[in-house]
Amino acid sequence: MMASMKRSWWKVLVGVLMVTIAVLWFSGRLYYIKALAYNYVNIDDLNLFHVRTVEAGKPQPWNIASDYNKKELTPELRKALEQYRTVAFLVVQNDSILYEEYWDNYDASSLSNSFSMAKSIISILIGIAHDEGKIKSLDQTACEYLPDFCSPENKVVTIRQLLMMSSGLNYDEGYASLTSPVTRSYYDTDLRKQMMELRVVTKPGVSFNYMSANTQLLGFILEKATGKSISEYAAEKLWQPIGAEHDAKWSLDHKDGTEKAYCCFYSNARDFARIGKLFLNKGMWNGKQVISEAYVNAAISPAPISDGDAPNTIYGYQWWLTDYKGTPVFYARGILGQYIFVLPSKQLIFVRLGHERGEKDANGELLDVPVYLSEVMKLYGENL
């Protein structure tokens, strides 16, 4: 009797599972299963998705400072790094590595997910394509490159507005929901279909509204403008010119598909720091102008839009902006506390990679950011 009941329950469970899969399949939401199975995004998600390689060329190793790793981290900095489960911390000043430390079996060659730091990389590639004339103007509409995006509502959206996060599209950046668009972007297998379904619902070019869809659309524009995959173009125009020591990987939406432009560029702390050095030096790398100084200056200046009821002061072209006690700072950041901080007046770059970041305060500011800035400045802010 008990065995019979167990078999019956097993059949019911199998039946429910099959019906659920069928419903998700026909509704186009089969990615729900993947999202539930993996539960939450992770810095080690590289093997969950198809990838494309961003090939390094001739490596240009960093100089190592004479006082490399001789300073001890402040207790406050070490506490924050350990509290937020850091896996890599690297400080570069005057083009030399001053300090680096790794945790949890990571090392200088370990690949880790960039998450939204990839947005800053896409911004760089857009700037290079513009410098080359492959993109004639940042004020061209997205429709000129993406005809299937060109609904009546969308025809006014420009590349510059996408860069500034002011497209006015109906994309929700909520991370906690299984049904949110950003969850679909991460786990689904057809990013183009999702992006082409979006519609403008507020006037573009007016207000800051952070959304990954803007960067993904920039990725599609980049593919169309250059005739190359994002990874191929990144390797040729960025990764090789800045002397990256290791190949990077970029997650795709499906096999031989498109890069998740808004996230999921896998590299290591030393090579991520090169992105900071390139912009610290106004687009110049060892005597060669990789990207124009004019674009760099625009990218790390506040975009001329509003942020709520006030003028925007926190965002440029896919780069975040802040200051520490009057010292200007620009930085790339990812959802789990991936950071490339650049303090130009101090010739200082530091990278932090890890599993968690600080909560947001009442003003929406991340609580870990001022800790990293204040403690690094205590150690290295007076070196010049």
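The values are calculated or read from the model by the stated rules, or taken from the named source; none is laboratory data. Because the structure is a prediction, the values reported are computed rather than measured. Backbone-built Cβ (ideal geometry, glycine too); neighbour counts: all protein chains shown.
Quick one: would you say T179 is modelled with pLDDT under 95, more than 27 Å from K237 (Cβ to Cβ), hydroxyl-bearing (S, T, Y) and not in a loop (DSSP other than H, G, I, E, B)? It is false that T179 is modelled with pLDDT under 95, more than 27 Å from K237 (Cβ to Cβ), hydroxyl-bearing (S, T, Y) and not in a loop (DSSP other than H, G, I, E, B).
Of the residues making up region 165-174, one or more are among the acidic types (D, E), surrounded by fewer than 24 Cβ atoms within 10 Å (Cβ to Cβ) and within 27 Å of S267 (Cβ to Cβ). When L146 is tested against the conditions (1) touching a Ser or Thr at 6+ places or on another chain (Cβ under 9 Å); (2) at pLDDT 95 or above; (3) surrounded by 18 or more Cβ atoms within 10 Å (Cβ to Cβ), the lone failure is (1). Among the residues making up region 63-102, those that are within 22 Å of H246 (Cα to Cα), in contact with a Lys or Arg (Cβ under 8 Å, 6 or more places away or on another chain) and surrounded by 15 or more Cβ atoms within 10 Å (Cβ to Cβ) are T86, A88, F89, L90, V92, Q93, I97, L98, Y99, E100. Looking at E245, is it assigned by TED's automatic domain parsing to the domain that holds S137 and in contact with a strand residue (DSSP E or B) (Cβ under 9 Å, 6 or more places away or on another chain)? Judged against the criteria, E245 is not a match. Of all residue pairs spaced 6 or more apart or on separate chains, those with beta-carbon atoms under 9 Å, a first member in region 188-213 that is more than 14 Å from L146 (Cβ to Cβ) and part of a loop (DSSP other than H, G, I, E, B) and a second member that is at pLDDT 95 or above and among the acidic types (D, E) are D188/D253; T189/D253; D190/D253; V201/E153. Could you say which residue among D148, D139 is of a type in the set (D, E), touching a residue at least 12 places away in the same chain (Cβ under 8 Å) and assigned to a helix (DSSP H, G or I)? After ruling out the rest, the residue left standing is D148. From the list E223, E232, the one residue that fits, being closer than 20 Å to P147 by Cα, assigned by TED's automatic domain parsing to the domain that holds H130 and modelled with pLDDT of 95 or more, is E223. Among the residues of region 77-107, the ones that are farther than 27 Å from P344 by Cβ, in a loop (DSSP other than H, G, I, E, B) and more than 23 Å from the chain's Cα centre (by Cα) come to 1 in all. Residue count for region 152-165, restricted to those that are touching a helix residue (DSSP H, G or I) at 6+ places or on another chain (Cβ under 9 Å), more than 13 Å from L218 (Cβ to Cβ) and touching a residue at least 24 places away in the same chain (Cβ under 8 Å): 2. For first residues located in region 105-134 and among the acidic types (D, E), partners that are modelled with pLDDT of 95 or more and lie 6+ apart or on another chain with Cβ distances below 7 Å form the pairs D131/I291; D131/S292; D131/Y295. Checked against (1) in contact (Cβ under 8 Å) with a residue 40 or more places away in the chain; (2) more than 24 Å from L336 (Cα to Cα), G276 passes all but condition (2). Exactly one residue among A225, A213, A234 is surrounded by 18 or more Cβ atoms within 10 Å (Cβ to Cβ), of a type in the set (G, A, S), under 16 Å from the mean Cα position of the chain (by Cα) and closer than 20 Å to M164 by Cβ, and that residue is A213.
If you check K119, K134 for being closer than 20 Å to F341 by Cα and among the basic types (K, R), only one passes: K119.
No other residue among P328, P302 is closer than 22 Å to Y210 by Cα, part of a loop (DSSP other than H, G, I, E, B), at pLDDT 95 or above and over 18 Å from the mean Cα position of the chain (by Cα) apart from P302. If you go through region 328-340 and pick out every residue that is more than 18 Å from D107 (Cα to Cα) and touching a Leu at 6+ places or on another chain (Cβ under 7 Å), you end up with 2. Selection over region 272-291 of residues that are surrounded by 17 or more Cβ atoms within 10 Å (Cβ to Cβ) and either modelled with pLDDT under 95 or part of a loop (DSSP other than H, G, I, E, B) (or both) gives a count of 4. Note on region 51-62: among residues that are surrounded by 12 or more Cβ atoms within 10 Å (Cβ to Cβ) and out of contact with any Gly (no Cβ under 7 Å at 6 or more places or on another chain), the one that is farthest from P241 (Cα to Cα) is V51.
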